[in-house]
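The values are calculated or read from the model by the stated rules, or taken from the named source; none is laboratory data. Everything numeric in this text was worked out from a predicted model, so none of it was measured. Virtual Cβ from ideal backbone geometry, glycine too; neighbours counted across all protein chains shown. What goes into the accessible areas is simple: the full protein's heavy atoms, side chains included, and nothing from ligands, DNA or RNA. Shrake-Rupley method; radii C 1.70, N 1.55, O 1.52, S 1.80 Å.
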Amino acid sequence: MIYITGDTHRSDLGRFQTFCTLRPQLSKRDYMIVAGDFGGVWSEQTLEYDLQRFSVLPFTVLFVDGNHENFDLIDAFPVEMWRGGKVHRIRPDIIHLMRGQVYEIEGKTVFTFGGATSIDRAGRMEGVDWWRQEAPTYEQLDEGLANLRRYGNCVDYVITHSCGERAYAYLAAHRLIGSKGMYPENHLLSNFEDRVAFRHWYFGHYHVDARLGDRYTALLHEIVEAD
């Protein structure tokens with residue numbers, strides 16, 4: 001099975017307790033995708049402790065990167081191919097799904113694109129708790145579009161950290177977020193809204209659990225089965 005949830009921020013794992021208790025059949029052949037701000041690869045000093053908290057969970061953890069990640073530490077892991085796309089394999093059961101990749105998981109195609117802008121970056125220090133790599137680039141966009149063309153611009157699921165313009169406008173119009181204006185990644189991600197056929201798009205970042213019509217879901221604490 002494929003499940004998706006929102007930001008875990010390194011230690012927000014309470015959501016998994018009841019979920020796992022109610023599903024004793026879960027195994028490492030099941031996948032939990034965190035839609036950014038995973039945070040488990042944050043400090044070299046606490047890395048083993050942080051990762052162990054995820055490794056003991058009965059499923060394999062996959063994550064796209066958010067904006068609150070230690071990108072220098074993530075990028076120190078070697079890049080390899082997994083299920084058709086590039087990844088950083090942090091542990092055998094913890095895998096970073098990189099930007100602009102398409103994976104074939106349990107018979108489904110999953111397109112991923114992490115990254116976002118930290119609105120609190122003015123209070124953070126570069127290289128300590130903020131990294132410039134948080135912002136998606138147009139080079140990564142081009143790689144994503146090229147990979148999507150190999151699948152005829154059609155995938156089952158899109159999983160990102162931020163969202164495109166249409167989803168952002170919905171969140172703002174329904175007062176699910178405070179509307180402070182869009183950021184560059186909202187415009188960038190709209191390239192996928194316009195060009196890609198998909199069954200469902202899941203994203204995190206906005207700290208809200210909400211279904212946006214039939215094809216978009218914003219996630220924070222909720223865990224959903226891939227639709």
Taking into account only those residues within segment 16-67 that are outside any loop (DSSP other than H, G, I, E, B) and aromatic (Phe, Trp, Tyr), which is nearest to GLY85 (Cα to Cα)?
-> PHE63
For segment 105-116, indicate whether the set of residues that are more than 24 Å from MET1 (Cβ to Cβ), touching a Pro at 6+ places or on another chain (Cβ under 7 Å) and of a type in the set (Gly, Ala, Ser) is non-empty.
-> yes
Residues located in segment 1-39, provided they are closer than 24 Å to GLU134 by Cβ and among the small types (Gly, Ala, Ser) | GLY6, SER11, ALA35, GLY36, GLY39
Name the pairs whose Cβ atoms lie under 9 Å apart, with the first residue in segment 62-91 and more than 22 Å from ILE105 (Cβ to Cβ) and open to solvent by less than 40 Å² (accessible area, probe 1.4 Å), the second assigned to a helix (DSSP H, G or I) and of a type in the set (A, V, I, L, M, F, W, C), and 6 or more positions between them or separate chains?
-> LEU73/LEU47
Hey, can you tell me all the residues within segment 170-220 that are of a type in the set (Ser, Thr, Tyr) and either out of contact with any Ser or Thr (no Cβ under 9 Å at 6 or more places or on another chain) or open to solvent by 30 Å² or more (accessible area, probe 1.4 Å) (or both)?
-> TYR170, SER179, TYR183, SER190, TYR206, TYR216, THR217
Of those in segment 99-123 that are of a type in the set (D, E, K, R) and assigned to a strand (DSSP E or B), the residue least open to solvent (accessible area, probe 1.4 Å) is LYS108
Residues of segment 125-155 being open to solvent by less than 70 Å² (accessible area, probe 1.4 Å) and part of a loop (DSSP other than H, G, I, E, B), in sequence order, are GLY127, ASP129, TRP131, ALA135, PRO136, THR137, TYR151, GLY152, ASN153
